[in-house]
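Below: the structure, in structure tokens.
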Amino acid sequence: MKYKTRFRKITFAIVLLAITAGLCACGMFPEFEADIEENPESQTEKLIVIGYSQLGSESIWRTANTASMQKAFTKENGFFLIMENGRQRQENQIKSIRSFISQRVDYIVFSPVTATGWDTVLQEAKDAGIPVIITDRMIDVADESLYTAWVGTDAHAEGKKAGQWLEQDLKKRGLQYEDINIVILTGTEGSSAADGRSAGFKEVAQRYDNWHILAEGCGDFTPAKGKEVMKTFLKEYSDIDVIVSQNDDMTFGALEAVHEAGLTTGIRGDIIVISFDATREALEMVKEGTINVDIECNPEQGEAVVELIRRLEAGEEVEKKNPVEEEVFSISNVGLHMDERTY
Ligand code: AHR
């Protein structure tokens, strides 16, 4: 009996499948056809295909930057996004770019982990006729025609703003003639974000004989490394007046090290803290006075890249360099901006 029932069920299923297949072939199930239509793979011909290489996921800022790109490159906006994570290694990013070239994407968009070493792969993209848009950090190539445009943050200007803020703050407090001992926590070696911020800050620092840069150490834009490097600074120097930390994640680690050493930071503290990025968590600390100033590095670049691609698609000329807007947040203005900060 059991065997017969199972046999009947299988026969019924086969007949049902055959009928369904037949009806589909005759166009009797319009919803099913609509489903096929919605499959992104069947739509790639109509969509602009973007090969996007994000450099990694090292910081809160990076997560916000990735989210901004994903929010902008949607099907609804007319894009099909192929995204790859370089995990902080240039060779991974180069591999991704080569795979985008062989997939014949319409545009290559990438955020370069380091500034140099892109010439060969970008020449390959150029030879394949694929426009390249650089985002976030900048590259250093001999031939500027290897990329179509850049949308990103001006790290040199950010570093300069940090120096100018310190200049003003010391003046306001009548400390402009005092000896000021500074340590710098730098980001990823060879990145335009770290090199630009260092250069911009030093451009201001070199005007003052009483500003002494005691040490610089690479914290790789992460809290753990920021803390580790700050600990070594604290062991070596007992008279640090200012910490310049090139991103908020390193700042969080550095603050832990300073507080564990029994010192205080911020507007009423032993050490002045200058941070970069202006993430929500850090802005809360500016508000409560633990961090003195946060120089914004704006991760919301997705819409600007989409806008640029639309203009290129329309055959318009575009600016080669497109820096995004950035502010400086201290106790005097941070309250006004807290609500709009989502990351
Ligand atoms: O390139 C931008 C920098 O990279 C941000 O300051 C930092 O947080 C990130 O990792």
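Rundown of residues vs (1) within 16 Å of the ligand (Cβ to nearest atom); (2) open to solvent by 10 Å² or more (accessible area, probe 1.4 Å); (3) more than 23 Å from E167 (Cα to Cα), yes/no style:
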position: E228; (1), (2), (3): no, yes, yes
position: S238; (1), (2), (3): no, yes, no
position: D248; (1), (2), (3): yes, no, no
position: G253; (1), (2), (3): yes, no, yes
position: H259; (1), (2), (3): no, yes, yes
position: I267; (1), (2), (3): no, yes, no
position: F276; (1), (2), (3): yes, no, no
position: T279; (1), (2), (3): yes, no, yes
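Could you pull out the residue among D143, D209 that is in the same structural domain as G56 (by TED's automatic domain parsing) and acidic (D, E)?
The conditions single out D143.
Residues being under 11 Å from S111 (Cα atoms) and touching a helix residue (DSSP H, G or I) at 6+ places or on another chain (Cβ under 6 Å): count how many of those fall in segment 53-68.
2
Does F329 count as within 15 Å of the ligand (Cβ to nearest atom) and over 19 Å from G219 (Cα atoms)?
For F329, the condition - within 15 Å of the ligand (Cβ to nearest atom) and over 19 Å from G219 (Cα atoms) - is met.
Can you name every residue in segment 156-188 that is touching a residue at least 60 places away in the same chain (Cβ under 8 Å), within 28 Å of P112 (Cβ to Cβ) and open to solvent by 10 Å² or more (accessible area, probe 1.4 Å)?
Passing the criteria: A157, K161, W165, T186, T188.
Quickly run through segment 123-134 and pick out the residues that are open to solvent by 20 Å² or more (accessible area, probe 1.4 Å) and either within 13 Å of the ligand (Cβ to nearest atom) or part of a loop (DSSP other than H, G, I, E, B) (or both).
Of everything in segment 123-134, those that are open to solvent by 20 Å² or more (accessible area, probe 1.4 Å) and either within 13 Å of the ligand (Cβ to nearest atom) or part of a loop (DSSP other than H, G, I, E, B) (or both) turn out to be A128, G129, P131.
The values are calculated or read from the model by the stated rules, or taken from the named source; none is laboratory data. For clarity, every value in this text was computed on a predicted model and none was experimentally measured. Cβ coordinates were reconstructed from backbone atoms using ideal geometry, including for glycine residues, and neighbour counts include every protein chain displayed. Accessible surface areas use protein heavy atoms only, side chains included; no ligands, DNA or RNA. Shrake-Rupley method; radii C 1.70, N 1.55, O 1.52, S 1.80 Å.
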